[in-house]
Structure formats: C-alpha cells, structure tokens
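What follows is a short report on a single structure.
The values are calculated or read from the model by the stated rules, or taken from the named source; none is laboratory data. The model shown is predicted, which means the values in this text are computed figures rather than measured ones. When we count neighbours, we look across all protein chains shown, and the Cβ atoms used for this are built from the backbone with ideal geometry, even at glycine.
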Amino acid sequence: MSGQRYLTKSKLKLAFECPTKLFYNSKKEYPDKKIQDTFLEALANGGFQVGELAKCYFPGGIKIDELDYDKALLQTNELLLLDKVTIYEAAFCFDLFFIRAGIVVKDGNSLKLFEVKAKSYDPTNLKASISNANGISPKWQPYVYDVTFQKYVISRSRPDLKLKAFLMLADKSKKTSVDGLNQHFHIQKNRDNKVSVKVSGDVSLAAIGQEILCRVNIDELADMLLKDDPLYNDDTKSFR
C-alpha cells in the first residue's frame, strides 16, 4: 500500500483550484513558486500556530507522527479501539483517498472531526454566514469542500462511527484574555526546511484563557454536497 498514490486533502485543493496544477504536482521539473513567496509562507506559518493552539483546547490527545501511510493507519485504528480518545493527525483511508484529520475526538461510537483553519469568522454576524440563499459563499467553498472530503473518507472507512464535522476558526467576536499568547507557539524549521511549531510554557486550559476559536458545524452543508444537491454544486465543482 505504501507505494500507492492517493488523493489527499492538499491534492484535492489543487484540483479545485485548477486540474492542471494537480497534474504537475510533485514533478521536480515544475517547482511550486508559492514555496518561494515569503508572504504566503507567513500565512502558512500562522496556520501552523493556530493548529497548535486548537490542540490546547483538546488536551490529552495523542499525535500520529508516523509518516508511513500503512503505519499511521494502523496506529489510528488501534487508538480508535479505545472507548474515549483524542487523536491529532489521525489517518483514514478509503479506496484511493487518504487523509490526515487535524483533530478527532471519539466518545463511544461518536466521532467528532475538527478541521482547524487560520481564517476568521464572526458567529454573531448573520451577514457573514458560510452559506446563503445561493448556496455556499464562494470564499468559504474551499474550506467546506476540504471538510466534506474528510467526512466522506472517514464515514466510508469507519461506518461504525457516528461522525460530526466542524470547522474550527478564529472567532472575531472574542479577544484573548491572555497577553502574549502567540509567544507560546514558536515557528521552527529543520534541516529539510520542514516547518514545525515548538510549544513552550504553560498552555493548559486555565493558562491560555478564553477560547478564541469557534467551532462551526458543517454537517448539513457537507451532506448536501455529498448528495449532489444542485444548490450546493455545479458542473465544474461537483464533489463526486
């Protein structure tokens, strides 16, 4: 299985942006210029920091560090045998689809998926809703499709679990109650230029103060996409 090529979240994103990008993805003779863009790099780094902050709101989780697909799947499935468990970067595979879910929380036969994004959202502003009378707001489509893809893979690979899916976003209606919160999350790179976040200091729930990320359930939108509802789909961006 390790030699198999899968459709992952990042490749799905490329496909929705432009199918040609997916074709040239990972071809050394066609380097990705985005990697050289310092502004985009800064945005990505911010995403890493928000991802680590989100884990603090789900303490006691176990991270799947294994890069090998088969081993990561095995570790994930072993942990899901537990009645209650929180997993970071859980691995799921169905057919030729493979994903790493940012945060999953299992309680009995209930499983909650949280996809963390470094994007702001105001849950108190109805005008800023993710969906409207015309379907999913264009600026939110990449995020909803991302979570829908994950929900599809998880639900197909683990039909025994009742899945709920959420976007976890920066809450514009809240302010941090702790000064210098970002200083607990330091961006660092290894010799291969791979980015990681070093967490330092006390990041317990009591220490990091009021939660500044909101959890937005997208099950209704995801189900409509998976059913090919015409209001939430078109010929060029059908999920299937």
Matching residues, the stretch 113-140, being out of contact with any helix residue (DSSP H, G or I) (no Cβ under 8 Å at 6 or more places or on another chain) and either assigned to a loop (DSSP other than H, G, I, E, B) or surrounded by 19 or more Cβ atoms within 10 Å (Cβ to Cβ) (or both): PRO123, THR124, ASN125, SER129, ALA133, SER137, TRP140
Just to be sure before I move on: is GLU89 over 15 Å from LYS162 (Cα atoms), of a type in the set (Asp, Glu) and without any contact (Cβ under 8 Å) to a residue 24 or more places away in the chain in the structure I sent? no
Close pairs (7 angstrom Cβ cut-off, 6 or more residues apart or separate chains): touching a residue at least 40 places away in the same chain (Cβ under 8 Å) in the stretch 46-58, assigned to a helix (DSSP H, G or I) and buried (at least 18 other Cβ atoms within 10 Å of the Cβ) anywhere: CYS56/ILE208
Pairs only if they're at least six apart or on different chains, beta carbon under 7 angstrom, first in the stretch 70-85 and closer than 13 Å to ASN109 by Cα, second assigned to a helix (DSSP H, G or I); list them, first residue then second. VAL85/LEU79
Being among the aliphatic types (A, V, I, L, M) and over 18 Å from the mean Cα position of the chain (by Cα), is that true of even one residue in the stretch 138-158? no
For the subset of the stretch 28-82 comprising residues that are surrounded by fewer than 11 Cβ atoms within 10 Å (Cβ to Cβ) and among the acidic types (Asp, Glu), which member is modelled with the lowest pLDDT? GLU29
Would you pick out the residues in the stretch 58-108 that are acidic (Asp, Glu) and out of contact with any strand residue (DSSP E or B) (no Cβ under 6 Å at 6 or more places or on another chain)? ASP65, GLU66, ASP68, ASP70, GLU78, ASP83, ASP95
Selection from the stretch 188-227 of residues that are over 19 Å from the mean Cα position of the chain (by Cα) and either part of a strand (DSSP E or B) or of a type in the set (Asp, Glu) (or both): GLN188, LYS189, ASP192, LYS198, VAL199, ASP202
Whether any residue in the stretch 148-157 is without any contact (Cβ under 8 Å) to a residue 24 or more places away in the chain, out of contact with any strand residue (DSSP E or B) (no Cβ under 7 Å at 6 or more places or on another chain) and surrounded by 14 or more Cβ atoms within 10 Å (Cβ to Cβ) is what I want to check. no
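Could you list, in sequence order, the residues of the stretch 138-147 that are touching a residue at least 40 places away in the same chain (Cβ under 8 Å) and either in contact with a strand residue (DSSP E or B) (Cβ under 8 Å, 6 or more places away or on another chain) or among the small types (Gly, Ala, Ser) (or both)?
Across the stretch 138-147, the qualifying residues are VAL144, ASP146, VAL147.
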Search the stretch 99-145 for residues being of a type in the set (Ser, Thr, Tyr) and at pLDDT below 95, and hand back the single one that is farthest from ALA72 (Cα to Cα). THR124
Scanning the stretch 164-187 for residues that are among the small types (Gly, Ala, Ser) and part of a strand (DSSP E or B), which turns out farthest from ALA128 (Cα to Cα)? ALA165
